[in-house]
Amino acid sequence: ADTLQTHRIPAALAVEAASETVVACAKQGYHETAVVLDADGATIVTVRGDGAGIHTIDSAHDKAYTSVSFKNDTLALEERGKNEIAPLSKLPHVLFFGGGIVIKLGDEVIGSIGASGAPGAKLDDNCARAGLEKIRDRLK
């Protein structure tokens, strides 16, 4: 029988993406936590930035988990979460709030970055994107 071909994000790249996410927000004065998950939603790395609230660890994780499990950025899911997929928000670790972004290799979702701590979902999303940009060209 054929086996499934999957891709993994190396720990070193996950650490870089999480660190860059935290740094990008720190430059703007935000105390951020970043979590990078693999395609299965398992944690590769969590970086809690200096001064980031303890709740940001769970929030960043849940945004990343929601993003990877729904194969979409949480900013896009936020709108749908207000109506058609709202009941799913009762599931553990599902958080329809911007700041979770998918990491893709072509069309394949291979992981996600969750960011929490900035005063607003769009700001968290921007910091996560900075983290992804840092490693994007080395994802092959």
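The values are calculated or read from the model by the stated rules, or taken from the named source; none is laboratory data. Bear in mind the structure is a predicted one, so any value in this text is a computation, not a measurement. So basically every Cβ, Gly included, is an ideal-geometry build from the backbone, and we count neighbours across all protein chains shown. The area values use the complete protein model at the heavy-atom level, side chains included, leaving out ligands, DNA and RNA. Shrake-Rupley method; radii C 1.70, N 1.55, O 1.52, S 1.80 Å.
Filter region 118-140 down to residues that are over 13 Å from V36 (Cβ atoms), assigned to a loop (DSSP other than H, G, I, E, B) and hydrophobic (A, V, I, L, M, F, W, C), then give me how many there are.
Residues meeting the conditions: 1.
Would you check which residues across region 32-65 are free of Cβ contacts under 8 Å to residues at least 60 places away in the same chain and of a type in the set (S, T, N, Q) and list them?
T43, T46, S59
Report, ordered by the first and then the second residue, all pairs with beta carbons closer than 7 Å, sequence separation of six or more or different chains, a first member in region 118-140 that is touching a residue at least 40 places away in the same chain (Cβ under 8 Å), and a second member that is surrounded by fewer than 20 Cβ atoms within 10 Å (Cβ to Cβ) and among the acidic types (D, E).
Here the result reads A121/E78; K134/E16; I135/E16, each pair linking region 118-140 to a residue that is surrounded by fewer than 20 Cβ atoms within 10 Å (Cβ to Cβ) and among the acidic types (D, E).
In region 71-81, what residues are open to solvent by 60 Å² or more (accessible area, probe 1.4 Å) and touching a residue at least 12 places away in the same chain (Cβ under 8 Å)?
K71, R80
Being open to solvent by less than 90 Å² (accessible area, probe 1.4 Å), outside any helix (DSSP H, G or I), over 16 Å from A64 (Cα atoms) and free of Cβ contacts under 8 Å to residues at least 40 places away in the same chain is the filter here, so list the residues in region 84-117 that pass it.
I85, G106, listed by residue number.
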